[in-house]
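The values are calculated or read from the model by the stated rules, or taken from the named source; none is laboratory data. Note that the structure is a prediction, hence the values are computed from the model and not measured. Every residue, glycine among them, receives a Cβ derived from its backbone with ideal geometry; neighbour counts consider all protein chains shown. Just so you know, the surface numbers come from the protein's heavy atoms only, side chains and all, with ligands and any DNA or RNA stripped out. Shrake-Rupley method; radii C 1.70, N 1.55, O 1.52, S 1.80 Å.
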Amino acid sequence: KNQTLKKVVFSGLSRSHGNPAMVGGSLLLLVAATISDGDVILPPTNVTDSHFSVAVIMMQGAGISASAYVPLLQRIQEDAAAAVPQIAVWAGCPQVSLSTVDPVNIAGAISRTVDALKAKGMAKTTPVFLMGHSLGGAMLELYAHDHPTGFKACVFMGAFISRSRRDNEGRPTYPLPTLTLAGELDGLARITRNGAEAFHAQVQLSENRTQASIDMGVVVLPGVSHMQYASGDPPALVKARDLMPEVTYDAAHAAMSTAILDFVRAQTLQDPAAIKALLSAASVTESFVAPMVEALQLEGSPFLKPPCNSDFVTNPTCRYPSWPAKTLIPGQHPKTPDPLPPSDCTCGSPWVINKAHKMMAGLDQIPGGSTASIVSNDAFHDVSDVTPFHLAHIFNTCSAGAACVLNATTVDMLMFETLESEDTGFVSISAVEMRVKLKSREAFWQAAGVANVDSNATDLTGSRCKEINAAALAWAVSAAAPATMARYTKIGEPYVMGDDVNSPIGITGPTWIKKALQYNRQTNGPNGRSFVEVVSPRFFVKNKNDGNEPYTDPVGMHYCKLLSPARIMEWIYVDSLRMYDSLNNHTVNTRG
């Protein structure tokens, strides 16, 4: 329990808040709030016997006072009163100690707020919607999951349903309907996790996408930052990590209010107009997150779908012939996974299969031309694993000039930032590097029947890993939304590909494994801005005897640390903006 509590509290703190100054006039709005012991209690102004009533209770983000949520809560009340049909909204936000919601104080805070609203006249039967921002949302996700009785639904803001709620197919289960709001420029609960991954899991994987859009919907809020769910001065962590918003606080609150009230009307009144609005919002969100989802799919992200295990085949479409299918330690064999991967698990990285290995092969660059082609498969395994040993391999050869297909495999290991396992959205959800065992160009050309292949020309002259990474960058630039690319081009810190660095065998074995993909910030970029140079460690072994060597002497290899298309996409959408367009540093902001 202590370990679970520690993880939950840390995870929530990591999700904290967002952007700058208090909305003009919000101090005046505070006058209307009833505050006892710091709690914000806001009775509706339109209560009549003919008006339907609901309650919304907000759980605050860490370091943000309850009063900072008054502008949003009052906007929800005003919009509900002006809607057809009218809804009377009882609103509250408990002030907890140190403005930090935790598993110990959350139950009492919610109960106290419900009692205060009832004391002001709220009926006992009023449906209660729980809302949570940042840490408050993280704690609410935990609490409401374990104590759903008495509550109608949840709204998560800069927070989301944990991956731990997902089944073996990657679909989340939750005991209450939920609405997840994702700010495009949220610097803490990043759009790739809070928006793209959440939408894929909660809506796209659902067997009933229409109902999922109503009961587990995800709505992206364009131009909105993490702090804009609240108001006032941001806490230190938010100031350090959040991005600059592109909309005003009033506009942000209006967009939030619209989505929340559509969700409320759909859950309570089954209002056709509200349901239509939620479905429309789902369609808009799907289009918005499409480049991010596609990039994660190309990576083979385990957060979209569980990866396959080629040692225990469950997906018949993978067609992965293991090589060499032998163990280097006699008598030791891998344990059967429990549970086994689902039958539609991800076979490997589509980027490696369809692009990286083919670029490394370079069959289209054989002098005089070639009619040979390549069909490649990829398998996710620890590249250090020796029980069994996994290597890239070419399974057949072609006669010179013959039209034939070379069948090949690769081995791929996705590496993530250490804190990613906490599932906070605070760090990148994409792989920080792809450790990929590829066959060399020399080996492919020899397998295609080319005589007298010069490995210096095929593999050592130039930077093959750099070329593949440059192709990933080109793909991401072409796939990102035009508005996102315009922002990245104008104020983002660009990626630039550097030459490969050789990583030979060392005293303790292959140095390639431990040498990380390098992200080197350079200060002498165009327009006076810095850029990040990405450098790949590579490991090349000549294809001795045309590859006719025992598996214990691997030959014809060209290993690369590859840059994931998803990592680039995430950089374009989020992290490239931190240097020149964050709350902490926007002095060189060049927006017109």
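State all residues of region 46-68 that are assigned to a loop (DSSP other than H, G, I, E, B) and either closer than 17 Å to residue 238 by Cα or touching a strand residue (DSSP E or B) at 6+ places or on another chain (Cβ under 6 Å) (or both); if no residue qualifies, say none. Residues satisfying the conditions are 46, 47, 51, 60, 61, 62, 63, 64, 65.
From the list 157, 139, 122, 131, the lone residue that is touching a Phe, Trp or Tyr at 6+ places or on another chain (Cβ under 6 Å), touching a residue at least 60 places away in the same chain (Cβ under 8 Å) and crowded, with 24+ Cβ neighbours inside 10 Å is 157.
Residues are listed down the side, and each one gets a yes or a no for (1) in contact with a Gly (Cβ under 9 Å, 6 or more places away or on another chain); (2) open to solvent by 30 Å² or more (accessible area, probe 1.4 Å); (3) of a type in the set (Gly, Ala, Ser):
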position: 230; (1), (2), (3): yes, no, yes
position: 233; (1), (2), (3): no, yes, no
position: 238; (1), (2), (3): yes, no, no
position: 249; (1), (2), (3): yes, no, no
position: 254; (1), (2), (3): no, no, yes
position: 257; (1), (2), (3): no, no, yes
position: 263; (1), (2), (3): yes, no, no
position: 275; (1), (2), (3): no, yes, no
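Determine if region 182-189 includes at least one residue that is open to solvent by 10 Å² or more (accessible area, probe 1.4 Å), assigned to a loop (DSSP other than H, G, I, E, B) and either touching a residue at least 40 places away in the same chain (Cβ under 8 Å) or among the β-branched types (Val, Ile, Thr) (or both). Within region 182-189 (the criterion being open to solvent by 10 Å² or more (accessible area, probe 1.4 Å), assigned to a loop (DSSP other than H, G, I, E, B) and either touching a residue at least 40 places away in the same chain (Cβ under 8 Å) or among the β-branched types (Val, Ile, Thr) (or both)), the answer is no, since none of the residues qualifies. The sole residue among 395, 444, 389, 416 that is closer than 25 Å to residue 197 by Cβ and either of a type outside the set (Lys, Arg) or surrounded by 18 or more Cβ atoms within 10 Å (Cβ to Cβ) (or both) is 416.
Every residue, every condition in (1) open to solvent by 10 Å² or more (accessible area, probe 1.4 Å); (2) free of Cβ contacts under 8 Å to residues at least 60 places away in the same chain; (3) closer than 22 Å to residue 280 by Cα; (4) part of a strand (DSSP E or B), yes or no:
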site: 92; (1), (2), (3), (4): no, yes, no, yes
site: 110; (1), (2), (3), (4): no, yes, no, no
site: 164; (1), (2), (3), (4): yes, no, no, no
site: 169; (1), (2), (3), (4): yes, no, no, no
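One residue is enough: does region 510-522 have a residue meeting the conditions under 30 Å from residue 245 (Cβ atoms), hydrophobic (A, V, I, L, M, F, W, C) and either touching a residue at least 24 places away in the same chain (Cβ under 8 Å) or not in a helix (DSSP H, G or I) (or both)? Looking through region 510-522, none of the residues is under 30 Å from residue 245 (Cβ atoms), hydrophobic (A, V, I, L, M, F, W, C) and either touching a residue at least 24 places away in the same chain (Cβ under 8 Å) or not in a helix (DSSP H, G or I) (or both). Among residues of region 518-537 being over 21 Å from residue 480 (Cβ atoms) and either surrounded by 16 or more Cβ atoms within 10 Å (Cβ to Cβ) or of a type in the set (Asp, Glu) (or both), the one that is farthest from the chain's Cα centre (by Cα) is 537.
Once region 461-481 is narrowed to residues that are over 15 Å from residue 573 (Cβ atoms) and polar (S, T, N, Q), the residue that is modelled with the lowest pLDDT is 461. Kindly indicate whether residue 83 is among the aliphatic types (A, V, I, L, M) and modelled with pLDDT under 95. It is true that residue 83 is among the aliphatic types (A, V, I, L, M) and modelled with pLDDT under 95.
Condition check ((1) without any contact (Cβ under 8 Å) to a residue 24 or more places away in the chain; (2) over 28 Å from residue 572 (Cβ atoms)) across all residues:
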| site | (1), (2) |
| --- | --- |
| 403 | no, yes |
| 406 | no, yes |
| 412 | no, no |
| 416 | yes, no |
| 444 | no, yes |
| 448 | no, yes |
| 456 | yes, yes |
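Selection of region 36-90 for residues being open to solvent by 30 Å² or more (accessible area, probe 1.4 Å) and touching a Gly at 6+ places or on another chain (Cβ under 9 Å) yields 43, 47, 65, 67. When 458, 410, 484 are checked against the criterion of being open to solvent by less than 10 Å² (accessible area, probe 1.4 Å), at pLDDT 95 or above, under 30 Å from residue 529 (Cα atoms) and of a type in the set (Ser, Thr, Tyr), 484 stands alone in meeting it. Restricting 315, 309 to those that are within 29 Å of residue 197 (Cβ to Cβ), in contact (Cβ under 8 Å) with a residue 60 or more places away in the chain, in a loop (DSSP other than H, G, I, E, B) and not hydroxyl-bearing (Ser, Thr, Tyr) reduces the list to 309. When the residues of region 350-408 are filtered to those that are polar (S, T, N, Q) and assigned to a helix (DSSP H, G or I), the one that is nearest to residue 509 (Cα to Cα) is 354. Scanning region 558-590 for residues that are of a type in the set (A, V, I, L, M) and closer than 25 Å to residue 301 by Cα turns up 562, 563, 566, 568, 569, 572, 574, 577. Restricting attention to region 523-557, the residues that are among the basic types (Lys, Arg) and in a helix (DSSP H, G or I) add up to 1.
Quick one: is residue 214 surrounded by 18 or more Cβ atoms within 10 Å (Cβ to Cβ), touching a Leu at 6+ places or on another chain (Cβ under 6 Å), modelled with pLDDT of 95 or more and of a type in the set (A, V, I, L, M, F, W, C)? Spelling it out, residue 214 is indeed surrounded by 18 or more Cβ atoms within 10 Å (Cβ to Cβ), touching a Leu at 6+ places or on another chain (Cβ under 6 Å), modelled with pLDDT of 95 or more and of a type in the set (A, V, I, L, M, F, W, C). So is residue 102 at pLDDT 95 or above, on the phi < 0 side of the Ramachandran plot and either more than 27 Å from the chain's Cα centre (by Cα) or open to solvent by less than 40 Å² (accessible area, probe 1.4 Å) (or both) or not? No. Scanning region 142-154 for residues that are assigned to a helix (DSSP H, G or I) and either surrounded by fewer than 17 Cβ atoms within 10 Å (Cβ to Cβ) or touching a residue at least 40 places away in the same chain (Cβ under 8 Å) (or both) yields a count of 3.
Among the candidates 342, 337, 302, 307, which residue alone is open to solvent by less than 40 Å² (accessible area, probe 1.4 Å), under 25 Å from the mean Cα position of the chain (by Cα), closer than 24 Å to residue 416 by Cα and not small (Gly, Ala, Ser)? Answer to the check: 342. The number of residues in region 191-211 that are in a loop (DSSP other than H, G, I, E, B) and either surrounded by 24 or more Cβ atoms within 10 Å (Cβ to Cβ) or under 17 Å from the mean Cα position of the chain (by Cα) (or both) comes to 1. In this entry, residue 113 passes the filter for residues that are in contact with a Pro (Cβ under 7 Å, 6 or more places away or on another chain), among the hydroxyl-bearing types (Ser, Thr, Tyr) and at pLDDT 95 or above. Search region 499-517 for residues being more than 30 Å from residue 488 (Cα to Cα) and open to solvent by 50 Å² or more (accessible area, probe 1.4 Å), and hand back the single one that is modelled with the lowest pLDDT. Here the residue is 508.
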